[in-house]
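Quick notes on the structure that follows.
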Ligand code: MLT
């Protein structure tokens, strides 16, 4: 008899973004003339930077000729990309990460889920609440949680609320936890963590032999020099943290797919025999077995983001989206809405007006403004009464959305 992974049956409803798409499609079917503006999922809208397009074209041309053809690449990524990442994202910023600690992949969503392959069962997992739903759902799938309660909180998970009251900075857990997911700049709240906050977490992890899974997918949007972009800027982090980064948002690769995960060689975990095992070795083994590397063309494109032209074009793209974020913040504040985030991150987190629930506000915006955002409660129970807007859109749509907010809410 075939057995299925019955943990999947514990999952609540659908994954958040397909669920939103389902509701929006139903509305569009009933209102075919409505021009819906989507500020829901953080999906990029602007074309790829020219330097990246040129590099990808030339990589395709290489594949067209026997002499320059490439078949399987290294599972860990080509050294031209790993070297460029190490040089520009780490060494050039005074951060100690070497190229062979970088594992190139086809996305951070996959990596943050796949990392559970190398962890055992029975770990006590802490997540912030609200949170990027992938961390929760992949732990449910892996059997690290109990059933969900009426608020959608899973048994055995340790939820660390991030709310207006604590300035969106989670308190350290009151019970020991083994694995901690942190995402900064934060999705969904668009807020950031200070150096001091991250140092506290690293110290906590060292003291409790915990592992920090640090999602830095939005680091490129940080403009404040005091805000850390990498967990490895924090003393001791190499011994306790894995970092995830992505090309999805900084150079528009949501559809192209490329990301990387850093597993420092200093990161070791004591096993039952008392020996220490390096997680680098396990992740390398996992990737070599289950992954054949991101495509050559895509990696060539990603590497071009580090050329001087590429860096300049990437900066322009980021500035473009962050101007959208500023316009959204200002537009919302002008109609009396309390907003958070959106300064060092491409997400604006807002308090719903008139004590509306997150989904009530979603319906109101969709019906009255033909606008789509993401209900805060979809990211966790502590997100109830909040709402997320993504700054990834055309300027025309952002400007139109601000006008529509005024009519829908005013
Ligand atoms: C989001 O909207 O939270 C992101 O687009 C999701 C993702 O990056 O997978």
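Computed from the coordinates by the stated procedures, all read-outs in this text should not be read as laboratory data. Note that the structure is a prediction, hence the values are computed from the model and not measured. Cβ: placed from backbone, ideal geometry, glycine included. Neighbour counts: every protein chain shown.
Things to note:
- Summary of the geometry: the stretch 55-85 and the stretch 342-410, compared by the centres of their Cα atoms, lie 41 Å apart.
- Normalising the average separation of contacting C-alpha pairs (under 8 angstrom, six or more residues apart) by the number of residues puts the relative contact order of the stretch 52-307 at 26 percent.
- Under the shape rule built on the C-alpha gyration tensor, where the axes satisfy a ≥ b ≥ c, the stretch 52-307 is prolate, since a/c reaches at least 1.5 and a/b is greater than b/c.
- Going from the fewest other Cβ atoms within 10 Å to the most, the residues 35, 19 appear in the order 35, 19.
- Counting neighbouring beta carbons within 10 Å and listing from fewest to most, the residues 1, 322, 141 come out as 1, 141, 322.
- Applying 0.36 nm per residue to the separation of residue 72 and residue 207 and subtracting their alpha-carbon distance, the gain on full extension is 44.4 nm.
- Of all beta bridges that DSSP places with both ends in the stretch 52-307, some 45 percent have antiparallel geometry.
- In nm, spacing of pseudo-spin labels at residue 289 and residue 266 (7 Å Cα→C-beta vector): 2.9
- Extension gain, residue 367-residue 338: 0.36 nm per intervening residue step, less the Cα-Cα distance, totals 8.3 nm.
- Each part reduced to its alpha carbon centroid, the stretch 110-143 and the stretch 173-206 end up 15 Å apart.
- Fluctuation leader among 121, 68, 112 - the chain, Gaussian network, Cα springs under 10 angstrom: 68
- Computed label-point distance, nm, for sites residue 225 and residue 19 using a 7 Å Cα→Cβ extension: 4.3
- Mean shadow area of the stretch 1-68 over all directions, Cα convex hull, nm²: 11.1
- Fluctuation leader among 149, 137, 171 - the chain, Gaussian network, Cα springs under 10 angstrom: 149
- With the helix formula -39500 (n - 2.57) applied to DSSP H stretches of n ≥ 4, the chain reaches a computed 222 nm mean residue ellipticity of -10500 deg cm²/dmol.
- Computed label-point distance, nm, for sites residue 175 and residue 320 using a 7 Å Cα→Cβ extension: 4.8
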